[in-house]
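Below is one structure, written out as structure tokens, with a few remarks after it.
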Amino acid sequence: MPDLTLTASPPLDGYHKQFGDTALTEIGDQALVSIAVPLGGADALDSAMTGAYGTTFPAPGSTALSKDGSVRFLGLQPDQCFALFELAGNDPVEAIANVLGDTGYYTDQSDSWAMLRLSGPLAVSALERICPLGLAPAAFPQGSVARTAMEHLGVIILCENEDSYVLMSARSSAPSFLHAVETSVENVS
Amino acid sequence: MIINHPLLGPRDAAEFVYLGDASLIDRPDWQSDTAADDFYEYQYLRDNPAGETRELWFHEQGDRSWLVVTRNTLTHEITKVELARDVALAAGRDR
């Protein structure tokens, strides 16, 4: 049998565009794994996370960074969070399961989401036209995360700092989502 | 319309979908002698109040939680929003 190597292609073909000092860039090197709490197993998972990552299970709306800074946990709903970390190899679930064991239920989400980073002085004014949530630092400070809808598409928005946001949307509608964000940035440029 | 989510704060109603009356939480016992009547009532019979009503809403474009929203059909005022899980646990359900 011939030795075949498959090359992964990112959902948005590695998109990058500058709008003055504001950049819209696809993030292609991150893995995303959902961690769900087994019924009645919240405390066990919490202590496994504390032991391995030095952080507790994040509440919805907040994020937690592992003590070595390599994994960011996004609190998206009660009893579930997403782990975001640098992709290495083909099995992101293994990277989490090796550490947390069977204290949680894990699902690889990496290929299901298109990720964009919008950063620069126009980021907030572009987002406030399509994002129904208030992004003022008082309401949505650094490290906040939320799941919402922009242009009718489900989006996870993560605040890295006051003018840098990570946006994730479904891979199947990624070009439409990119179009929405790109158009909004163009409209405020 | 804004729904004041108990965990996430005020969110636009466009993020939610409506299911129906909150009595849907109280699924009848299928082993009861009156199960047929109970399920008929559970499935089909609804009050249509002019005033306060309790409804189930699902935060689909958000944290995927089920909420019990107490709303006034005359004034559209929302007086109370609870997690359906808390309501079910308080009513004696095991989860």
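The values are calculated or read from the model by the stated rules, or taken from the named source; none is laboratory data. Note that the structure is a prediction, hence the values are computed from the model and not measured. We place every Cβ from the backbone using ideal geometry, glycine too, and count neighbours over all the protein chains shown. Just the protein is used for accessible areas: all its heavy atoms, side chains included, with ligands, DNA and RNA removed. Shrake-Rupley method; radii C 1.70, N 1.55, O 1.52, S 1.80 Å.
Among residues of region B:71-94 that are free of Cβ contacts under 8 Å to residues at least 12 places away in the same chain and more than 14 Å from chain A (Cβ to nearest Cβ), none has a Cβ under 6 angstrom from a residue that is open to solvent by 40 Å² or more (accessible area, probe 1.4 Å) and part of a loop (DSSP other than H, G, I, E, B) at a sequence gap of 6+ or on a separate chain. Within region A:16-41, the set of residues being surrounded by 15 or more Cβ atoms within 10 Å (Cβ to Cβ) and more than 22 Å from the chain's Cα centre (by Cα) comprises A:19, A:41. Selection of region B:7-17 for residues being more than 10 Å from chain A (Cβ to nearest Cβ) and not in a strand (DSSP E or B) yields B:13, B:16. Quick one: how many residues across region B:61-70 are within 14 Å of chain A (Cβ to nearest Cβ), open to solvent by less than 30 Å² (accessible area, probe 1.4 Å) and within 14 Å of the chain's Cα centre (by Cα)? Matching residues across region B:61-70 total 2.
Within region A:169-181, residues that are closer than 7 Å to residue A:114 by Cβ and assigned by TED's automatic domain parsing to the domain that holds residue A:118 reach partners that are part of a helix (DSSP H, G or I) and open to solvent by 20 Å² or more (accessible area, probe 1.4 Å) with beta carbons closer than 8 Å, at six or more positions or on different chains, in the pairs A:171/A:111; A:171/A:112. Check whether at least one residue in region A:46-54 is buried (at least 18 other Cβ atoms within 10 Å of the Cβ) and within 14 Å of chain B (Cβ to nearest Cβ), and report yes or no. The answer is no; no qualifying residue exists. Within region B:19-60, take every residue that is of a type in the set (Phe, Trp, Tyr) and either assigned to a helix (DSSP H, G or I) or modelled with pLDDT of 95 or more (or both) and give me the one that is most open to solvent (accessible area, probe 1.4 Å). The residue in question is B:44. When residue A:134 is tested against (1) assigned by TED's automatic domain parsing to the domain that holds residue A:165; (2) among the small types (Gly, Ala, Ser); (3) part of a helix (DSSP H, G or I), only condition (3) is not met. Within this structure, residue A:139 fails the test of being out of contact with any Lys or Arg (no Cβ under 7 Å at 6 or more places or on another chain) and touching a residue at least 40 places away in the same chain (Cβ under 8 Å).
Residues are listed down the side, and each one gets a yes or a no for (1) under 22 Å from residue A:20 (Cβ atoms); (2) under 13 Å from the mean Cα position of the chain (by Cα); (3) at pLDDT 95 or above; (4) open to solvent by 40 Å² or more (accessible area, probe 1.4 Å):
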{"position": "A:115", "(1), (2), (3), (4)": "no, yes, yes, no"}
{"position": "A:127", "(1), (2), (3), (4)": "yes, no, yes, no"}
{"position": "A:168", "(1), (2), (3), (4)": "no, yes, yes, no"}
{"position": "A:172", "(1), (2), (3), (4)": "no, no, yes, yes"}
{"position": "A:175", "(1), (2), (3), (4)": "no, no, yes, yes"}
{"position": "A:180", "(1), (2), (3), (4)": "yes, no, yes, no"}
{"position": "A:185", "(1), (2), (3), (4)": "yes, no, yes, no"}
